[in-house]
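Notes to accompany the following structure.
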Amino acid sequence: MNAFTYLAPTKIIFGKNSENKVGSLLTKGGYKNILIHYGGTSAKKSGLLDRVYAALKDANITYHELGGVVPNPRLSKVYEGIELCQAHSIDFILAVGGGSVIDSAKAIGYGVKNPADIWDLFTGKARITNGCLPLGTIVTLPAAGSEMSNVSVVTNEDGLLKRSLTHESGFCQFAIMNPELTYSLPAYQTASGATDIIMHTLERYFTTGETMPLIDSIAESLLINVMYNTKVALKNPKDYEARAAIMWAASLSHNGVTGDRNYGDWSSHQLEHELSGLFDVAHGAGLAAIWGSWARYVCQTNPARFAQLAVNVLGVPNRFNDPAATALEGIEALEEFFHSIGMPTSIHEMGIELTEEQIKELAYKCSFMGTRTIGGFQKLDLPDIEAIYRMAK
């Protein structure tokens, strides 16, 4: 097993009505003037924001609000949040929503604390020198796992570039997680979120680094449970145990428990980032559309690894003398699962007919204009990236 450093500083408050504790949490931290950051109208319509406002008033905490975060959060909203925080001397950001809202909150927090332009931090032209404004979250969509990770992903409308930023100061101080808040999620969002959870684990699972049976078994168990409980939740959206399992799995899939991020692959995420940056598709759906083509392209690097997934997670019979055949059956089985929950397994299933020009544009952006390779399981250069987009179209 590779040497590693593990940090998971986020306090989790999990269970029914846990959002009512937000006032006491902020009071204990000494925060008096906060920004409430959220997405569309669902948090208001559900009454969640009203409960949060009431809890803050009871705790004598002043708040300002900034809504309007969309999936694949926009850089323009981040700039708006930075300006608002600076104008009102905000000392804490509370993200109420899913990964997009949390990622946007992190980006705002970085922008407030650091003198560099926030986009320069995302592109690597500048470095974080002063950390991040403290933040916490009330999770309403289990998917990205951003509540326990230190990753933020935003999209720059200028050029439709989607980039990520990772820093140890970007962890939430606390995450409030009430599975009941996910009952009203549309089926497509539930399935897309579950796919993102699955992919966060698979990105770590497919590594050329040393593996450990303990970590493999944790990852495989998480995958089995997410697949099972997603189907339960789609059938009965108010099944608390299924929703709770999915919500907790989202955090575990991206907090390092299922494997070290530094030794994973992450090609599917890099490929999808450009896809959702250009076409604004749901992140989980984009991952499902890309993954099978990536898997077939790289499978021969280590077919035994794919065969292990096929047998241990997807119930494929082990053809001991032909791991490549077992691996292929496993890839097909996971694609069948994606279809069973309403996810695409090709780009055209999302209503997008890629042109050759668009394939080259996606690949060029994904390779950072021809300056990098992607992938830890198998290194992929610009022609490889083009080939996978072509396979996935």
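Could you work out how far apart the two model spin labels at Ala54 and Tyr183 are, taking each label as a point 7 Å from the Cα in the direction of the beta carbon, and quote it in nm?
In this crude spin-label approximation the distance works out to 1.6 nm.
When 1/r is averaged over all different Cα pairs and the result inverted, which Kirkwood radius in Å belongs to the stretch 235-317?
The answer is 15.2 Å.
Using only Cα atoms, what is the ratio of the radius of gyration of the stretch 279-345 to 2.2 N^0.38 Å?
The value comes to 1.15.
How large is the charge dipole for the chain, taken about the Cα centre, if only the Cβ atoms of Lys, Arg (+1) and Asp, Glu (-1) carry charge, to the nearest 20 debye?
About 1000 debye.
Which of the listed residues, Ala126, Val52, Tyr389, is farthest toward the dipole's positive end in the chain, when Lys, Arg count +1 and Asp, Glu count -1 at the beta-carbon?
With unit charges placed on the Cβ atoms, the residue in question is Val52.
For the chain, modelled as a GNM with alpha-carbon contacts under 10 angstrom, which of Phe279, Phe320, Phe206 fluctuates the most?
Looking only at Phe279, Phe320, Phe206, the biggest GNM fluctuation is shown by Phe320.
Over every pair of different alpha-carbon atoms in the stretch 38-179, take the mean of 1/r and invert it; report that Kirkwood radius in Å.
When all Cα pairs of the stretch 38-179 are included, the Kirkwood radius is 15.1 Å.
Pull out the extension gain between Asp280 and Thr371, defined as 0.36 nm times the separation in residues minus the alpha carbon to alpha carbon distance; nm, one decimal.
Gain in length upon complete extension: 30.3 nm.
Arrange the peptides 350-358, 246-254, 220-228 so that the one whose residues have, on average, the most other Cβ atoms within 10 Å appears first.
246-254, 220-228, 350-358
What is the chain's relative contact order, in percent, from Cα pairs under 8 angstrom and six or more apart in sequence?
That works out to 15 percent.
Going 7 Å from the Cα of Lys11 in the Cα-to-Cβ direction, what parts of the stretch 130-162 have a backbone nitrogen less than 20 Å from that spot?
From the stretch 130-162, the list is 132-140, 146-150.
As I understand it, the value is the acute angle between the Cα axis of helix 213-235 and the longest principal axis of the Cα atoms of the chain; what does it come to in degrees, rounded to 10?
Roughly 70 degrees, rounded to the nearest 10.
Using label points projected 7 Å from each Cα along Cα→Cβ, tell me how many nm separate Ala116 and Ser76, to one decimal.
That separation, rounded to one decimal, is 2.5 nm.
Hey, got the dipole for the stretch 41-149? About the Cα centre, +1 on K and R Cβ, -1 on D and E Cβ, debye to the nearest 20?
Once rounded to the nearest 20, the dipole reads 140 debye.
Given 0.36 nm per residue, what is the gain on full extension from Lys45 to Glu65 after removing their alpha carbon distance, in nm?
So the chain would gain 5.6 nm between Lys45 and Glu65.
Give the label of the value calculated from the structure for semi-axes √(5λ) of the Cα gyration tensor in Å, choosing from [x] 34, 24, 19; [y] 41, 28, 17; [z] 50, 24, 18.
Working out semi-axes √(5λ) of the Cα gyration tensor in Å from the coordinates points to [x].
Using the Cα centre of the stretch 235-393 as the reference point, and only Cβ charges (+1 on K/R, -1 on D/E), how large is the resulting charge dipole? Debye, rounded to the nearest 20.
Here the stretch 235-393 has a charge dipole of around 360 debye.
Quick one: of Lys28/Lys57; Lys125/Lys365; Lys44/Lys162, which pairs are farther than 20 Å apart, Cα to Cα?
Lys44/Lys162
Carbon and sulfur together cover what percent of the accessible area of the chain at a 1.4 Å probe radius?
Using a 1.4 Å probe with all protein chains present, the chain comes out at 52 percent carbon and sulfur.
Between Asn225, Tyr205, Leu314, whose Cα lies farthest towards the positive end of the dipole of the chain when Lys and Arg beta carbons carry +1 and Asp and Glu beta carbons carry -1, centred on the Cα centre?
Towards the positive end, the residue furthest out is Asn225.
Place a point 7 Å from Cα of Ala126 in the direction of its Cβ. Which residues in the stretch 53-87 have their backbone N less than 17 Å from it?
75-87
Residues of the chain: accessible area per residue at 1.4 Å, in Å²?
Here the residues of the chain average 40 Å² of exposed surface.
The values are calculated or read from the model by the stated rules, or taken from the named source; none is laboratory data. Worth saying up front: this structure is predicted, and the values here are computed from it rather than measured. Virtual Cβ from ideal backbone geometry, glycine too; neighbours counted across all protein chains shown. Side chains included, ligands, DNA and RNA excluded: accessible areas come from the protein's heavy atoms. Shrake-Rupley method; radii C 1.70, N 1.55, O 1.52, S 1.80 Å.
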